[in-house]
Amino acid sequence: MDEAARNDPTAADSPPPANWEIYNCLTAVLETWHADGTLSEDSLRLTEHLAVELCAYLFQRLGQAPEPVRQVAVRLR
C-alpha cells in the first residue's frame, strides 16, 4: 500500500487515490511479457509470488511466525 493510502484520514470513506507510477510500470511489464509471448507464464509466476507475500504479511500482522510461508515460497520458485 502506498503512502497516500496509509495516511489519508478519509481513506475508510473512499478508495485511495490512483498510483499512476505503479500502474504505468505494471502496464509496461505486462506489455513486454505479451510482446515476448510469455504473458501467461510470467503473470502466473507473479501472481504466485504476490500470494505468498500476502500470506507472509498476514501471518506477520496476526503475530504468527511467517517462516512456514517462506518455506512454501522457496518451493514455488
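With the simple model of a label 7 Å out from the Cα in the direction of the Cβ, His49 to Ile22 spans 1.5 nm. The residues packed around Asp36, meaning those with a beta-carbon under 14 Å from its beta-carbon, carry a net charge of -2 if Lys and Arg are +1 and Asp and Glu are -1.
We did not get these values from a lab; they are worked out from the coordinates using the rules stated. Given the structure is predicted, the values throughout are model-derived calculations rather than measurements. FYI the Cβ positions are ideal-geometry reconstructions off the backbone, even for glycines, and counts take in every protein chain you see.
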